[in-house]
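Presented below is the structure to which this report refers.
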Amino acid sequence: METAWVDRSDPDVIDLVLREGGGSLRYAARSSLDAVRAAPLAFVFGALLALPVYIVMLLAGTGWGPVRVAAGIAGALYATVQALLTVSSAFVLNVHRLRFSPAAAPATVAVVRGARTGRPRPLTKVRRIRIDHSTEEPYDGDPRPETVTITLTVLLAHRRIPPATLSPQIDTAALHHELHEFLAPVVPVDLFVRHHRRPEPPPPQDNPHSRIEWGALGHGGSTGGGGGS
């Protein structure tokens, strides 16, 4: 689970952390090793995805040789695509932080991705920050506990960063106050709190056939005829 938080450890900047790490080629390269480690598993999974094709090939009488070749191609393609997606996410796609500076009165924002920190841009490039705090309470008799879902979404001028998930224990009112304190009035920061009760499952439907009385079965009408002479 990714947890958003405000990092004030650097006296010159304030970081809104959307996910840990990021900002250096070393970090991106280390993260990309996950693609290498997962390659064998991705190969096997990709090969299994084409199982219906192998069945059709065998039924057509192609034999096991072409099936093995097809499985190798499918597995290699899937593993390659997965590796490319992981590497591109580690280097380019994933946004790890929004860096506001100067810390005393932020006027610029820089986007920190996996491999690098972008150049500072005017603070107006951040259009809105939204915190959603949703609590689902159990219905009467529900054995499951209540669930809390908290997300933070950042809307930039030309894109929307995927929501970051916050810890259910976080004080959203305090986070909202902290963000509003150093970003207002340039960047609107909204907090939406919602409570709702988990819907009860519908009652079991009676089987209409179970309402047929057993005594009524087998009592068909009969006609008797008598022949007169």
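What follows is calculated from the coordinates using simple rules that are stated; it is not laboratory data. The structure displayed is predicted, hence computed values, not measured ones. Positions of Cβ are generated from backbone atoms using ideal geometry, with glycine treated the same way; all protein chains shown enter the neighbour counts.
When the chain is fully extended, how far beyond the present Cα-Cα distance does Phe45 get from Ala174, taking 0.36 nm per residue of separation?
42.0 nm
Taking 0.36 nm per residue of sequence separation and subtracting the Cα-Cα distance, how much length would be gained by fully extending the chain between Ala38 and Arg68, in nm to one decimal?
Additional length available on full extension: 8.7 nm.
When the Kirkwood radius is taken over all Cα pairs of region 1-78, what Stokes-Einstein diffusion coefficient follows at 20 °C and 1.002 mPa s, in µm²/s?
Calculated translational D: 132 µm²/s.
Could you give the angle, 0 to 90 degrees to the nearest 10, between helix 39-49's Cα long axis and the longest principal axis of the Cα atoms of the chain?
Relative to the chain, helix 39-49 is tipped by roughly 30 degrees.
As an exercise, use a Förster radius of 45 Å and the Cβ-Cβ distance of Val193 and Ile55 to find the FRET efficiency, rounded to the nearest 0.05.
With a Förster radius of 45 Å, E is 0.30.
State the Cα centre-to-centre distance between region 1-49 and region 151-208 in whole Å.
23 Å
Given 37 °C and 0.692 mPa s, how large is the Stokes-Einstein diffusion coefficient of the chain in µm²/s, with Rh as the Kirkwood radius over Cα pairs?
Reported coefficient: 141 µm²/s.
Go through Ala115, His196, Val186 and say which Cα lies farthest out towards the positive end of the charge dipole of the chain; charges sit on Cβ, +1 for Lys and Arg, -1 for Asp and Glu.
My answer, from the dipole projection, is Ala115.
Let me know the charge dipole size of the chain about its Cα centre in debye, to the nearest 20, where only the beta-carbon of Lys, Arg (+1) and Asp, Glu (-1) is charged.
About 1340 debye.
Run the simple label-point estimate for Leu77 and Trp5 please: 7 Å along Cα→C-beta, distance reported in nm.
Going by the 7 Å Cα→Cβ label model, 4.4 nm.
Could you give the size of the charge dipole of region 75-186 about its Cα centre, using +1 on the Cβ of each K and R and -1 on the Cβ of each D and E, expressed in debye and rounded to the nearest 20?
That gives a dipole near 1180 debye.
Can you give the angle from 0 to 90° between the axis of helix 25-37 and the longest principal axis of the chain, with both taken from C-alpha atoms, to the nearest 10?
Taking the Cα atoms of the chain, the angle to 25-37 is about 20 degrees.
Would you mind telling me the antiparallel percentage of the DSSP bridges in the chain, rounded to 5?
80 percent
Where does region 35-135 land on the Kirkwood hydrodynamic radius, alpha-carbon pairs, in angstrom?
One decimal place: 17.5 Å for the Kirkwood radius.
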